[in-house]
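The values are calculated or read from the model by the stated rules, or taken from the named source; none is laboratory data. Remember, it's a predicted structure, so these values are computed and weren't measured experimentally. Positions of Cβ are backbone-derived with ideal geometry, glycine not excepted, and every protein chain shown enters the neighbour counts.
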């Protein structure tokens, strides 16, 4: 009963607020095994030239309650050649459907949405991102470190608004994130490559970061 109420609450938040699953300039991060407790992350993203290059920096905070993980965060992205940066804010929700302390693999469902401001000086559009994905991972309990490689394909909706004219355009396309979470006790690192299909061509983002886990024993 409590789990059902929590899932309904998560769904209501995602419908009511434009919080971000994909922060502009970052991969769509995932952690299919999830866990109970708090995780604090610092992230760096490096988009390819099709994305407009540049660098992104961000931070996230995640709260795991049973099989549900809620994440909120912020990122700043400065495209190549731009004198200004855009700020993206948002959050995501994930629900683990398979996995736990007795299973070496996990599957989750992930959803979210997000927005970033326009950059008028370099005509970088305002972006709204909505994503829905499934994440699949295998936990490798190697000595001294827990390694969780994952694959997370899904559907992405992207709406852009021209910074000068205000003209809007949108598209819904396939995308995926391929990454790994490495944990050394309470500390860890994470990395991912994100691919996004577009109406014309595609974009790619490489991301890396560090995180601090404050979780219940066993991480589940």
Can you report the number of residues in the range 36-55 which are in a strand (DSSP E or B) and without any contact (Cβ under 8 Å) to a residue 40 or more places away in the chain? 1
Taking the stated definitions as given, is residue 159 modelled with pLDDT of 90 or more, over 18 Å from residue 71 (Cα atoms) and buried (at least 16 other Cβ atoms within 10 Å of the Cβ)? yes
Within the range 81-88, is there a residue that is modelled with pLDDT under 95 and closer than 19 Å to residue 205 by Cβ? yes
So, residue 149, is that one modelled with pLDDT under 90 and either loosely packed, with under 15 Cβ neighbours inside 10 Å or touching a strand residue (DSSP E or B) at 6+ places or on another chain (Cβ under 6 Å) (or both) or not? no
For the range 109-220, which strands (runs of 3 or more DSSP E) that fit wholly inside it have 1 or more residues that are touching a residue at least 24 places away in the same chain (Cβ under 8 Å) and touching a helix residue (DSSP H, G or I) at 6+ places or on another chain (Cβ under 7 Å)? 202-215
Condition set exposed (fewer than 14 other Cβ atoms within 10 Å of the Cβ) and either outside any helix (DSSP H, G or I) or modelled with pLDDT of 90 or more (or both), scope the range 1-27, selection farthest from the chain's Cα centre (by Cα): answer is 1
Among the residues of the range 79-93, the number that are free of Cβ contacts under 8 Å to residues at least 40 places away in the same chain and in a strand (DSSP E or B) is 1
Just one of the numbered conditions (1) over 11 Å from the mean Cα position of the chain (by Cα); (2) assigned to a loop (DSSP other than H, G, I, E, B); (3) more than 30 Å from residue 163 (Cα to Cα) is not true of residue 30; which one? (1)
